[in-house]
Amino acid sequence: MSGRGSRITDEEINELVSKLQSLLPESRRRNTGRVSASKLLKETCTYIKSLHREVDDLSDRLSGLMVTMDSNSPQADIIRSLLRS
Amino acid sequence: MQAAKSFVQAFLKQMLLGIQLSAVSHRSGSLQERKSAIKLSADVAMAVARGSKKWTRGLIASLSKEEQNRSFRQFVLGKDFGRPAKLCHSSWKIPRSKNIVRRSLRFLSKRKSNIRAPNSSVLAGTLVEKRTQVLKRLVPGGESMDGFSLLDETLDYVTCLQAQVDVMQKLMTTLEASKHRADSNAQCPKAKLHLLAMVGSCYSTRKGLWKRLSKRPKLTL
């Protein structure tokens, strides 16, 4: 990490790192203190890629579900009700 | 760290509006076109719902540049793209979107010159540096971010991605359930209750109705 100590404190950096770590799926199994920067970066990148894949897959499946979405389908009703809320 | 409820609400609404206005509801579109439209709607909705962050500007900028998203500019800038949207009650006008697009395009052209700037970090070539480069490519707009800012934006971006996946999953479950129950008179499958609760709809504020809804026989999904 770049040394911008004059404006950003070490505590802020530590807090950011631990927040990021807590987002990652594997971190729930691990209760140790700090992980290495390179491991954190690697897991973050892996996780982001898997989230991208999930969104892609969900888009695929949603497109299959919405093929019959005309004005009278129950799906259109659901979407309308969600938009009204 | 979870995404704010206001983000989840805004994201769902924007995504649904985008889907309605796009090729999805038109039967003539191919499966691939529908999928791209949904993905685009989801990404734009995520960026717009989050507001002004470096990654949202980066995302909108990169989405507007993609060739297949020609009509994207029309969505985001609120112009009528000429197709009657049968299901849509309001146009997909996002008040701040014009600014976001303008700033993103400026942001992109301004930063282009900085991408090849020499990296002043003493860690050049190490594993950390290599992985930082990978992360910069994954986070929208990341190429021009450095150090603390990159981590901060990554944290925010991952939180929003998680919410995006979560909402899309619940939407899919809801639609799947309704499809299988098109014949029966099931009004409100469990998945829809979850989705409505998530966006804090009027159902959850009317205690009596909520209690009655949750007492319906459990439906297998």
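Brief remarks follow.
- Residue check for B:ALA10: more than 14 Å from A:ASP60 (Cβ to Cβ) and either surrounded by fewer than 16 Cβ atoms within 10 Å (Cβ to Cβ) or modelled with pLDDT under 80 (or both): no
- Pairing residues of the range A:1-27 that are closer than 16 Å to B:THR154 by Cα and surrounded by 13 or more Cβ atoms within 10 Å (Cβ to Cβ) with residues that are among the acidic types (Asp, Glu) and modelled with pLDDT of 90 or more, at Cβ distances under 9 Å and at least 6 apart in sequence or on separate chains, gives A:LEU16/B:ASP152; A:GLN21/A:GLU43; A:LEU24/A:GLU43.
- When B:THR154 is tested against (1) surrounded by fewer than 16 Cβ atoms within 10 Å (Cβ to Cβ); (2) modelled with pLDDT of 90 or more, just one condition goes unmet, and that condition is (1).
- Search result, residues across the range B:126-151 that are outside any helix (DSSP H, G or I) and more than 9 Å from chain A (Cβ to nearest Cβ): B:PRO140, B:GLY141, B:MET145
- Among (1) assigned to a helix (DSSP H, G or I); (2) farther than 30 Å from B:LEU17 by Cβ; (3) among the aliphatic types (A, V, I, L, M); (4) modelled with pLDDT under 85 - the single one A:MET66 does not satisfy: (2)
The values are calculated or read from the model by the stated rules, or taken from the named source; none is laboratory data. Everything numeric in this text was worked out from a predicted model, so none of it was measured. Heads up, the Cβs are rebuilt from the backbone with ideal geometry, glycines too, and the neighbour counts pull from every protein chain shown.
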